[in-house]
Amino acid sequence: MMYKHIITLLLLCCPILPALADEVKLQANHPDRYVVVKGDTLWAISGRFLKDPWQWSQVWKMNREQIKNPHLIYPGDVVVLDTSSGSPELRLLRETVANPEVSLAPGIRTEKLDAEAIPAISPSVISPFLSQPLIIENEGLKDAPSIIAGPENRVVLSPGSRVYVDRINEGEGTLWNIYRTGKTYIDPETKAVLGTEAIYLGDARITKYGEPASGDIVSAKEEIFANDKLVAAPENLQTNFIPRAPEAEVKGRILSIYGGVAEAGRNTIIAISKGGDDGLEQGHVLAINRNGRVIKNPKYDKKNKESKEPENIKLPNERIGLAMVFRTFDKISYALIVQATEPVNVLDVVEKP
């Protein structure tokens, strides 16, 4: 196994700022230290120490560059909470070559590959959504390569089937995702078209380039037919990001819930009506709020024309959960529900916590 050497000690801290809305609050039963184990996530570890796990980057005082390229945390590392100064400080302690025990002194450690670092959220839940489905804009699939034929007398194409594509040129890639145009997303408030979701059908491997090209279907999630479209499979998708609140105010709606269910709960994937154009990035955490219902004002007297009491009163919005964004497009993002105290529904509000 390949290894790399890194400096072992990270000492990052952030003082508590009293009377601020984003004040960092510790869990009442927080540990003094925690040993990272295989299967952990940054969200789960943060939740052991902080009441609001998205404040992880604040406690570690990460700047923008560190958030984009965070220090990796591995099983066996020890996260230590130090409150001796009156302000919480988190330290990441790692073994040294000279001393196998956890040490406060800087040293050199033989480190495992980046791929073994713990993720922000469970990769088993979000991994299919890192590459598919896809949001397209301005008829983005219209000019994409198309399947023009399969084996003779075969209408439905399945894994192992030879397919012929109208055009794919040398150097454009070997592995391609197969899509079909799906539903169009409309902003529930502005009624603007946000984009069209492309339905992921499977994968094809190109064996001969040209016009036409040919290849083989290597996997199929749904039935594949002639006229379905091909998009080059993405490379080097980012899976390592830091949970944090957006820097700017953002407010949108839940557009859809995946899994064919009417209500969503923890570890469910949702599509929301805000994206990169609105400042959303991977790792941003949003509060899920239910719009307060409108009730009749018990003080309203319809017979009294001079009454200043409103006829109806809107109750305040109630927070029912949290979602972490893990993939963004221009106007739409995919997020994972990481907390839910009530069932989450389409059109519930998402906003900066």
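The values are calculated or read from the model by the stated rules, or taken from the named source; none is laboratory data. Fair warning: this is a prediction, and the values are worked out from it, not measured in the lab. Ideal geometry is used to build each Cβ from the backbone, glycine not excepted, and the neighbour counts take in all protein chains shown. SASA here: full protein model, heavy atoms, side chains in, ligands and nucleic acids out. Shrake-Rupley method; radii C 1.70, N 1.55, O 1.52, S 1.80 Å.
At least 2 residues that are small (Gly, Ala, Ser) in each: list the strands (runs of 3 or more DSSP E) lying fully within the stretch 123-184 that qualify.
No strands (runs of 3 or more DSSP E) qualify here.
Go through the stretch 302-335 and report how many residues are closer than 30 Å to ASP278 by Cα and assigned to a loop (DSSP other than H, G, I, E, B). Steps first, answer last, please.
Initially, the stretch 302-335 is screened for residues closer than 30 Å to ASP278 by Cα, giving 314-335.
This time we only want the ones that are assigned to a loop (DSSP other than H, G, I, E, B), so: 315-317, 329-332.
Qualifying residue count, the stretch 302-335: 7.
Given (1) modelled with pLDDT under 90; (2) open to solvent by 40 Å² or more (accessible area, probe 1.4 Å); (3) among the aliphatic types (A, V, I, L, M), identify the lone condition not met by LEU175.
Of everything listed in (1) modelled with pLDDT under 90; (2) open to solvent by 40 Å² or more (accessible area, probe 1.4 Å); (3) among the aliphatic types (A, V, I, L, M), LEU175 misses just condition (1).
Any chance the stretch 31-39 includes a residue that's of a type in the set (A, V, I, L, M), surrounded by 15 or more Cβ atoms within 10 Å (Cβ to Cβ), part of a loop (DSSP other than H, G, I, E, B) and at pLDDT below 85?
Within the stretch 31-39, not a single residue is of a type in the set (A, V, I, L, M), surrounded by 15 or more Cβ atoms within 10 Å (Cβ to Cβ), part of a loop (DSSP other than H, G, I, E, B) and at pLDDT below 85.
Going residue by residue through the stretch 97-111, is there one that turns out to be closer than 24 Å to GLY283 by Cβ, out of contact with any Gly (no Cβ under 7 Å at 6 or more places or on another chain), open to solvent by 40 Å² or more (accessible area, probe 1.4 Å) and modelled with pLDDT under 55? Don't jump to the end; show me each part of the working.
Residues of the stretch 97-111 that are closer than 24 Å to GLY283 by Cβ, as a first pass: 111.
Imposing the further condition that a residue be out of contact with any Gly (no Cβ under 7 Å at 6 or more places or on another chain) reduces the set to 111.
Still in the running and open to solvent by 40 Å² or more (accessible area, probe 1.4 Å): none.
No; the residues of the stretch 97-111 include none that is closer than 24 Å to GLY283 by Cβ, out of contact with any Gly (no Cβ under 7 Å at 6 or more places or on another chain), open to solvent by 40 Å² or more (accessible area, probe 1.4 Å) and modelled with pLDDT under 55.
Quick grid of which residues meet (1) open to solvent by 70 Å² or more (accessible area, probe 1.4 Å); (2) farther than 26 Å from PRO151 by Cα; (3) aliphatic (A, V, I, L, M); (4) at pLDDT 90 or above:
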{"position": "LYS183", "(1), (2), (3), (4)": "yes, yes, no, no"}
{"position": "ASP187", "(1), (2), (3), (4)": "no, yes, no, yes"}
{"position": "LEU201", "(1), (2), (3), (4)": "no, no, yes, yes"}
{"position": "LYS208", "(1), (2), (3), (4)": "yes, no, no, yes"}
{"position": "SER219", "(1), (2), (3), (4)": "no, no, no, yes"}
{"position": "LEU230", "(1), (2), (3), (4)": "no, no, yes, yes"}
{"position": "GLU235", "(1), (2), (3), (4)": "yes, yes, no, no"}
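For residues that are within 34 Å of the chain's Cα centre (by Cα) and surrounded by fewer than 14 Cβ atoms within 10 Å (Cβ to Cβ), scanning just the stretch 138-157, find the one that is modelled with the lowest pLDDT.
Among residues in the stretch 138-157 that are within 34 Å of the chain's Cα centre (by Cα) and surrounded by fewer than 14 Cβ atoms within 10 Å (Cβ to Cβ), the one modelled with the lowest pLDDT is ASN138.
Residues are listed down the side, and each one gets a yes or a no for (1) within 25 Å of TYR258 (Cα to Cα); (2) touching a helix residue (DSSP H, G or I) at 6+ places or on another chain (Cβ under 8 Å); (3) of a type in the set (Asp, Glu):
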| site | (1), (2), (3) |
| --- | --- |
| LEU134 | yes, no, no |
| GLU137 | yes, no, yes |
| ALA144 | no, no, no |
| ARG154 | no, no, no |
| SER161 | no, no, no |
| ARG167 | no, no, no |
| GLY171 | no, no, no |
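Could you name every one of the strands (runs of 3 or more DSSP E) located completely within the stretch 254-301 that has at least 1 residues being open to solvent by 20 Å² or more (accessible area, probe 1.4 Å) and at negative phi?
Hits in the stretch 254-301: 285-290, 294-296.
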